[in-house]
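Down below is the structure, laid out as structure tokens.
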Amino acid sequence: MKKESKEEIDIELKYRVLIIYDITDDKHRLKLSKYLSSFGTRVQKSAFEAKLNKKQYIKLITGLERLICKEDNVRIYKLYEDSEIITYGEFNEDEFEEVVII
């Protein structure tokens, strides 16, 4: 049986990531939301959730650094297994789990 390296284990670990943003320029906001939708699910107008491994998380951050402008306000929260998430209203967890990154 092959022993996994720390790097292989880190890639397999999943983080739930919350990305929220406030961008006034419509064209720029649309570009950012299209980028974020390739990683996760829109949960509110300016908020996305994603379930990412370490490699995907780094790819998300790297891409965001190229997209955001000085006047943009983007926040990224990396939540761990013991983080409590309470939702009210309609939310389909199955849709969230089915996100495929291309």
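Read the figures in this text as sums done on the coordinates, not as results from a lab. Since the structure is predicted, the reported quantities are computational estimates derived from the model, not experimental observations. Here the Cβ is made from the backbone with ideal geometry for all residues, glycine too, and neighbour counts use every protein chain on show.
For the reader, a short list of remarks on this structure follows.
- Once the chain from residue 31 to residue 68 is taken as fully extended at 0.36 nm per residue, the excess over their C-alpha distance is 12.3 nm.
- Shape descriptor for the stretch 32-88: Rg over Rh equals 0.96 (Cα atoms; Rh from the Kirkwood inverse mean 1/r).
- Counting neighbouring Cβ atoms within 10 Å and putting the fewest first, the residues 72, 82, 25 line up as 82, 25, 72.
- A Förster distance of 41 Å, applied to the separation of the beta-carbon atoms of residue 88 and residue 55, puts the FRET efficiency at 0.80.
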